[in-house]
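The values are calculated or read from the model by the stated rules, or taken from the named source; none is laboratory data. In this text, all values refer to a predicted model and were calculated from it rather than measured experimentally. All Cβ positions, glycine included, derive from the backbone under ideal geometry; neighbour counts span all protein chains shown.
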Amino acid sequence: MTKVFPAINPDGYIQHPLHASERMWPETNCYVDLWIEVLSAAGLPPEAMLGFTLSQDFEGDQFTFFKVPLEDLEALYGIRVSELAIFDNVENHVLAQIERGRLCLLEMDSFYMPDTQGVGYGKEHGKTTVAINRLDVKNRSLDYFHNAGFFHLEGDDFSGLFQHHLEETAPPFLPYTEFAKFPDAPVSQHHIRTVAEQLLRHHFARRPSKNPVRAFAKVFPAQVEAMADRPFGFFHKYAFNTLRQLGANFELTASHLQWLGGEVRFGEAQQHALRIAEISKTVQFQLARAITRRKFDALTTVLDPAVDAWDLLMQDLTRSVGAASEAA
């Protein structure tokens with residue numbers, strides 16, 4: 001049976017170390033987590049792509065949902081990602097691409113995905129991105145990358161995922177779909193490292209002009225108080241789009257800096273990035289307590305160490321990355 005990556009199976013699949021359980025944020029968001037595992041399956045270092053994390057900003061009500069730019073994937077690894085038009089059954093399109101060695105990334109409903117057991121599976125409809133490595137329409141089964149792992153589903157979950165319950169008069173199922181074309185020949189490790197250095201300088205130049213953590217800290221207590229009367233499930237959505245995106249983003253920044261040389265290259269920048277990740281994790285617990293107790297005054301200063309860490313991170317990178325940019 002055709003697979004994009006024939007050597008891997010859901011049983012016994014080993015996650016990439018960027019998803020190790022001992023990390024502060026072992027899962028980040030569905031798109032970046034998926035690419036970490038896909039690149040690992042392809043024998044490529046996902047740490048190389050993480051320079052884009054430096055450009056994360058606070059968007060007023062949430063932190064940037066950070067995603068690897070598609071042009072970075074092509075520059076680093078020779079992987080071209082394009083939108084796939086859906087004009088037939090989704091399964092037919094996916095099969096056609098798998099047969100050509102291409103991986104399809106689709107926005108699907110986590111309600112039908114067993115790996116979200118306890119969160120979304122069978123409970124709540126939610127949009128998430130998966131990448132299908134193997135598809136068997138006859139036996140209604142598939143193997144797929146999702147979040148920080150590689151999984152299998154079948155039967156009614158397969159039918160639900162592809163919306164087989166829709167009546168003929170219903171609007172067609174047209175999920176947003178991308179497909180990844182891998183290069184004919186693998187790129188060299190030297191090429192990947194050279195391009196990663198270039199992209200680090202590029203994304204550092206695109207960093208926010210003002211401290212985004214400070215901007216978030218100013219509105220954080222009021223945002224929390226405003227949602228105190230919402231159903232508790234809303235807390236998880238808010239935390240995911242604020243503290244988790246912030247903390248996970250900068251833990252990946254730290255991993256990127258370590259991969260490129262660590263303290264020898266960047267001084268204490270890696271530690272400052274980890275400090276932001278750590279504070280975000282701690283504040284997430286404080287947020288839950290504040291909502292339960294309906295006491296919000298303490299939230300006015302809890303992010304101050306992360307605010308300072310962002311400033312220090314950028315100062316250290318200005319001395320290393322910025323100086324290298326000027327020399328170039």
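For (1) among the small types (Gly, Ala, Ser); (2) free of Cβ contacts under 8 Å to residues at least 60 places away in the same chain; (3) on the phi > 0 side of the Ramachandran plot, each residue gets a yes or a no:
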residue: Leu106; (1), (2), (3): no, no, no
residue: Gly118; (1), (2), (3): yes, yes, yes
residue: Ala131; (1), (2), (3): yes, no, no
residue: Asn139; (1), (2), (3): no, yes, no
residue: Phe150; (1), (2), (3): no, no, no
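Against the list (1) in contact (Cβ under 8 Å) with a residue 40 or more places away in the chain; (2) among the hydroxyl-bearing types (Ser, Thr, Tyr); (3) surrounded by 14 or more Cβ atoms within 10 Å (Cβ to Cβ), the condition Ser82 fails is (3). Scanning segment 165-184 for residues that are within 20 Å of Gln97 (Cβ to Cβ) and assigned to a loop (DSSP other than H, G, I, E, B) yields a total of 8.
Scan segment 30-72 for residues that are under 12 Å from the mean Cα position of the chain (by Cα), more than 19 Å from Pro212 (Cα to Cα) and not hydrophobic (A, V, I, L, M, F, W, C) and the total you get is 5. Going residue by residue through segment 144-163, is there one that turns out to be acidic (Asp, Glu), in contact with a helix residue (DSSP H, G or I) (Cβ under 6 Å, 6 or more places away or on another chain) and not assigned by TED's automatic domain parsing to the domain that holds Gly261? Yes, some residue in segment 144-163 is acidic (Asp, Glu), in contact with a helix residue (DSSP H, G or I) (Cβ under 6 Å, 6 or more places away or on another chain) and not assigned by TED's automatic domain parsing to the domain that holds Gly261. In a residue-by-residue description of segment 46-60, the property of being farther than 19 Å from Trp259 by Cβ, at pLDDT 95 or above and of a type in the set (D, E, K, R) applies to at least one position. When segment 12-34 is filtered for residues that are surrounded by fewer than 22 Cβ atoms within 10 Å (Cβ to Cβ), in contact (Cβ under 8 Å) with a residue 12 or more places away in the chain and hydroxyl-bearing (Ser, Thr, Tyr), the ones remaining, listed by number, are Tyr13, Tyr31.
Considering only segment 172-182, I want to know if a residue exists there that is polar (S, T, N, Q), within 25 Å of the chain's Cα centre (by Cα) and surrounded by 18 or more Cβ atoms within 10 Å (Cβ to Cβ). There is at least one residue in segment 172-182 that is polar (S, T, N, Q), within 25 Å of the chain's Cα centre (by Cα) and surrounded by 18 or more Cβ atoms within 10 Å (Cβ to Cβ). Being among the acidic types (Asp, Glu) and out of contact with any His (no Cβ under 8 Å at 6 or more places or on another chain) holds for only one residue in Glu47, Glu83, Glu37, Glu27, and it is Glu83.
Report whether or not Asn92 is out of contact with any helix residue (DSSP H, G or I) (no Cβ under 7 Å at 6 or more places or on another chain), touching a residue at least 40 places away in the same chain (Cβ under 8 Å) and polar (S, T, N, Q). It is false that Asn92 is out of contact with any helix residue (DSSP H, G or I) (no Cβ under 7 Å at 6 or more places or on another chain), touching a residue at least 40 places away in the same chain (Cβ under 8 Å) and polar (S, T, N, Q). If you go through segment 65-78 and keep only what is under 19 Å from Cys30 (Cα atoms) and assigned to a loop (DSSP other than H, G, I, E, B), you end up with Phe65, Phe66, Lys67, Val68, Pro69. Would you pick out the residues in segment 35-45 that are surrounded by fewer than 21 Cβ atoms within 10 Å (Cβ to Cβ) and either at pLDDT below 95 or hydrophobic (A, V, I, L, M, F, W, C) (or both)? Correct list: Ala41, Ala42.
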